[in-house]
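Let me begin by presenting the structure, written as structure tokens, before commenting on it.
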2 protein chains.
Amino acid sequence: MSENNILQTVKKACLAKAELFNLDTKIKNDVLLNIAKNIENNKEKIFAANKKDLENAEKMIEEGKLTRATFGRLKLDDNKMRDMIQGIYDVIKLDDPSNKVLWARELDENLVLKKVTCPIGLIGIIFEARPDVISQITSLAIKSGNAVILKGGKEADNTNKAIYEIIKEAVSKVEEFPYDSVNLVFSHEDIKSMLELDEYIDLIIPRGSNKLVTYIQQNTKIPVLGHASGICHIYVDESAKKEMAQTIIKDSKTQYPTACNSVETVLVNKNYPYIDELKTYLKDNGIKVIENPEKFDYEYSDKILAFKVVNNLDEAIKHINTFGSGHTDCIITENEDNAEKFMTRVDSSGVFHNVSTRFSDGFRYGFGAEVGISTNKTLARGPVGLDGLCVYKYKLFGKGQIVDDYVKGIKKFHHKDI
Amino acid sequence: MSENNILQTVKKACLAKAELFNLDTKIKNDVLLNIAKNIENNKEKIFAANKKDLENAEKMIEEGKLTRATFGRLKLDDNKMRDMIQGIYDVIKLDDPSNKVLWARELDENLVLKKVTCPIGLIGIIFEARPDVISQITSLAIKSGNAVILKGGKEADNTNKAIYEIIKEAVSKVEEFPYDSVNLVFSHEDIKSMLELDEYIDLIIPRGSNKLVTYIQQNTKIPVLGHASGICHIYVDESAKKEMAQTIIKDSKTQYPTACNSVETVLVNKNYPYIDELKTYLKDNGIKVIENPEKFDYEYSDKILAFKVVNNLDEAIKHINTFGSGHTDCIITENEDNAEKFMTRVDSSGVFHNVSTRFSDGFRYGFGAEVGISTNKTLARGPVGLDGLCVYKYKLFGKGQIVDDYVKGIKKFHHKDI
């Protein structure tokens with residue numbers, strides 16, 4: 001798609017936004033139901049398209065241009081198809097996060113201010129390999145009332161296109177729903193164009209490798225919801241229980257070593273009595289322990305841990321705030337005061353006490369769906385659920401009041417929360 | 001200050017952040033009280049420094065390098081001094097926005113998740129001319145638990161330095177308060193250096209001209225809280241009351257024509273019966289009415305209005321979403337359905353019904369203090385109070401739980417809000 005074409009697509013999506021803003025939840029759920037059914041009815045079409053992508057991918061693997069891991073993410077099977085469809089039904093069941101009154105205040109008689117949630121607007125989604133992302137993100141966008149412009153990895157072009165067409169067909173059957181609010185773009189140049197459209201696109205959500213996320217963060221003025229790296233820490237305090245520390249660290253590292261919420265660095269208080277036993281335990285569990293590595297701000301994404309003995313809690317906090325990525329950090333201690341100090345002073349989206357870092361996840365938190373995990377400090381932070389795709393606006397209802405009367409003291413505000 | 005020096009300052013401020021995160025409200029209020037008293041006791045020193053700046057400013061006016069308006073903003077008098085001191089006492093009275101539990105959820109027995117407010121971290125403030133901004137912003141930062149790095153306009157260097165030294169002296173007297181958390185930098189190069197320190201500075205708040213705000217927005221990856229322009233609209237619907245429309249538009253334009261929440265464009269439904277009378281009324285009240293100007297996305301900052309007759313509500317909404325700045329827009333109508341549609345579909349931080357756009361203001365909203373007005377859609381939006389300087393973190397309290405037990409089905413989440 002040429003730069004001009006993507007601008008046209010984005011402009012049309014922007015016009016569709018306003019219509020999305022006040023759609024009944026029922027209409028949105030009807031669209032979602034149509035999408036789920038249409039995917040169900042067209043499974044074979046999707047598998048056929050996926051087969052083409054897999055054949056191309058095989059060639060690329062032979063040429064050394066694609067990894068087996070990417071091939072795995074690209075491949076759709078019955079399980080993934082079932083999860084894709086179930087995912088849409090799950091989103092239908094979630095509360096509509098838009099048009100909720102957060103609070104209301106009477107500024108004066110007949111002058112009422114309401115803070116009300118509303119969709120963010122137009123969201124750009126840039127993803128790699130996994131074609132099941134389309135239906136997932138599109139459902140979340142539809143339910144929260146946002147328009148989307150999707151750009152998938154070229155290795156999944158055929159599958160993405162098939163799923164997209166099935167979604168658009170389903171969307172077209174609900175007349176009240178703005179057809180232009182869901183869009184897919186194809187060519188690699190479209191990423192660059194998307195990143196430059198900060199006048200129209202309100203938020204970018206990248207789904208892919210650290211490299212992709214970092215590239216996007218460095219090449220756009222649009223706010224990016226996500227995290228480039230997850231350098232999580234566990235600090236073992238003096239009073240930590242021996243078995244609890246071992247079990248939590250093992251789970252945090254080995255339960256899914258490539259996950260962003262896996263632990264990368266263990267800091268241990270010098271007075272902890274079981275330091276050597278802990279190291280032995282970790283090694284016995286297949287974890288490579290690197291003591292005092294040169295580089296602490298590194299994500300191993302493997303069964304490897306950086307390990308450092310620290311003098312005290314303050315040193316641990318300083319280490320984490322210096323080398324961490326603000327994702328998730330945990331203290332293991334029986335001392336409640338130390339736990340409180342750690343959890344307040346460590347500047348991360350998740351601060352845990354006596355529990356595996358792997359719990360940092362939207363589904364485990366009970367959000368029903370996860371848009372992503374954010375290490376931003378001024379956007380939604382931590383695991384982001386459907387709520388994270390909404391912002392708020394202020395609605396002020398009056399009867400003709402003017403400011404001049406309040407400036408001159410003819411009238412006075414009384415500011416009563418209602 | 002050299003680039004190296006500013007980096008040192010910022011790094012020290014970052015270390016101070018952690019200490020700020022769990023300070024008692026009492027300590028923060030003690031510091032604020034000290035600052036208020038110390039300014040009171042050193043008024044003459046501040047006036048003397050301001051005199052020097054005013055003398056330099058006079059020369060710059062002669063050389064055509066400074067406007068009379070800037071001179072006015074630069075000049076401190078007894079009223080501004082009193083407001084400055086009173087402003088600090090007002091912040092002392094405000095609720096501490098940090099460490100508030102937004103909600104708590106039991107994920108499973110003995111596994112409790114809390115969403116808790118916390119300071120954003122290190123905030124960079126870049127301001128022009130008005131030296132009274134230092135004490136105002138510093139008080140808000142201290143109360144919300146944020147570290148600050150301030151950069152004022154060079155025309156106010158002497159005054160800024162005097163106020164800053166008085167603040168630092170007051171801060172130094174409260175031992176528990178991290179001395180390095182309040183910082184002022186001087187040279188013009190410091191702005192450029194600040195804008196590059198996205199690794200350390202979490203938020204930039206500009207206070208000054210549209211030119212300054214636009215420059216900052218275009219030259220940093222740090223989130224910017226603010227608005228470059230305020231292009232506010234009033235749409236006069238078919239059923240609008242004659243007098244109400246006249247009075248609201250007059251107030252919205254003339255009550256303070258250079259304010260960001262003043263109206264710039266009036267859209268009138270073609271079936272509104274009093275179009276000509278409205279134009280005559282506005283002209284009689286000293287407002288220049290420009291019908292169908294070439295450029296609608298323009299802030300006049302004067303008693304000038306763009307004026308356009310539209311076919312219907314939809315055209316008005318489309319016009320506003322295309323040419324507006326997402327600040328504040330108002331509909332005047334007796335039709336509740338039209339009001340609801342307008343307020344939901346117009347994509348602005350403030351959407352008003354039958355009330356002057358000038359009400360869009362933190363003090364009028366009852367926020368107690370205003371950090372600024374934001375047209376961002378992923379940061380704090382609209383008038384931003386003390387709350388807007390806080391974000392949240394997730395605290396998870398466990399007893400040694402690991403994720404593997406939940407993945408294997410040995411344990412199950414029950415997700416009970418508590």
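Summary of computed values
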{"quantity": "Relative packing of B:70-77, B:274-281, which averages over residues the other C-beta atoms within 10 Å, highest first", "calculated": "B:70-77, B:274-281"}
{"quantity": "Dipole moment magnitude, nearest 20 debye, the stretch B:316-418 about Cα centre, only Lys, Arg, Asp, Glu C-beta charged", "calculated": "680"}
{"quantity": "Where GluC sites (Glu not before Pro) fall in DSSP loop in the stretch A:1-110, at most 13 other Cβ within 10 Å", "calculated": "A:E63, A:E109"}
{"quantity": "Accessible-area composition of the stretch A:70-117, carbon plus sulfur, in percent [1.4 Å probe]", "calculated": "45"}
{"quantity": "Max mean-square fluctuation residue, GNM over chain B, Cα-Cα springs under 10 Å, options B:T344, B:T357, B:T375", "calculated": "B:T344"}
{"quantity": "A:R68 accessible area, assembled protein chains, probe 1.4 Å, Å²", "calculated": "140"}
{"quantity": "Dipole of the protein assembly as shown, positive direction: furthest Cα of B:S139, B:T258, A:S239, with charges on the beta-carbon", "calculated": "A:S239"}
{"quantity": "Gain upon complete extension [A:E169, A:E55; 0.36 nm per residue less C-alpha separation]", "calculated": "38.4 nm"}
{"quantity": "Tensor-based shape of the stretch A:84-137 (alpha-carbon gyration tensor, a/c under 1.5 rounded, otherwise prolate or oblate)", "calculated": "oblate"}
{"quantity": "Alpha carbon convex hull of chain A, volume per residue in cubic angstrom", "calculated": "185"}
{"quantity": "Heavy atoms of A:F296: accessible area, 1.4 Å probe, square angstrom to 10", "calculated": "20"}
{"quantity": "Residue-normalised accessible area of chain B, given per residue in Å² at a 1.4 Å probe", "calculated": "41"}
{"quantity": "Between the stretch B:325-383 and the stretch A:1-43, the alpha-carbon center distance in angstrom", "calculated": "27"}
{"quantity": "Electrostatic dipole magnitude of the stretch B:144-295 [Cβ: Lys, Arg +1; Asp, Glu -1; Cα centre; debye, to 20]", "calculated": "580"}
{"quantity": "Estimated distance in nm for a label pair at A:S239 and A:V101, the labels positioned 7 Å out from Cα along Cα-to-Cβ", "calculated": "4.7"}
{"quantity": "Only Lys, Arg (+1) and Asp, Glu (-1) charged, at Cβ; chain A dipole about Cα centre in debye", "calculated": "520"}
{"quantity": "Estimated inter-spin distance, A:D24 and A:K411, nm [label 7 Å along Cα→Cβ]", "calculated": "3.5"}
{"quantity": "Rounded FRET efficiency, nearest 0.05, which uses the C-beta distance separating B:K221 from A:E294 and R0 of 35 Å", "calculated": "0.80"}
{"quantity": "The stretch A:1-97: C-alpha gyration tensor shape, a/c 1.5 cut-off, then a/b vs b/c", "calculated": "oblate"}
{"quantity": "List B:M60, B:M84, ordered by accessible area with a 1.4 Å probe, largest first", "calculated": "B:M60, B:M84"}
{"quantity": "Unsatisfied cross-links (Cα-Cα over 22 Å) in the set A:K52/A:K75; A:K115/B:K377; A:K270/B:K11", "calculated": "A:K270/B:K11"}
{"quantity": "Carbon/sulfur fraction of accessible area - the stretch A:163-307, other protein chains in place, 1.4 Å, %", "calculated": "45"}
{"quantity": "Order of exposure, largest accessible area first, which applies to B:E336, A:E315 with probe 1.4 Å", "calculated": "B:E336, A:E315"}
{"quantity": "Size of the A/B contact, given as accessible area buried on both chains, probe 1.4 Å, in Å²", "calculated": "6400"}
{"quantity": "The stretch B:11-53, accessible surface, carbon-and-sulfur percent (1.4 angstrom probe)", "calculated": "49"}
{"quantity": "P(r) of the protein assembly as shown over all Cα-Cα pairs, binned every 10 Å from zero, in whole percent", "calculated": "2, 12, 20, 24, 21, 13, 6, 2, 0"}
{"quantity": "Label point distance in nm, B:N110-A:E109, each placed 7 Å from Cα along Cα→Cβ", "calculated": "6.0"}
{"quantity": "Potential extension, A:D77-A:L33 segment - 0.36 nm per residue separation minus Cα distance", "calculated": "13.7 nm"}
{"quantity": "Farthest toward positive dipole pole in the stretch B:39-111 [+1 Lys/Arg, -1 Asp/Glu at C-beta], among B:F47, B:M84, B:N110", "calculated": "B:F47"}
{"quantity": "Separation of alpha-carbon centers, the stretch A:227-295 and the stretch A:142-219, rounded to whole Å", "calculated": "38"}
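The values are calculated or read from the model by the stated rules, or taken from the named source; none is laboratory data. Nothing here was measured: the structure is a model prediction, and the numbers come from that model. Methodologically, a virtual Cβ is constructed for each residue, glycine included, from the backbone with ideal geometry; neighbour enumeration extends over all protein chains shown. With ligands, DNA and RNA removed, areas are computed over all heavy atoms of the protein, side chains included. Shrake-Rupley method; radii C 1.70, N 1.55, O 1.52, S 1.80 Å.
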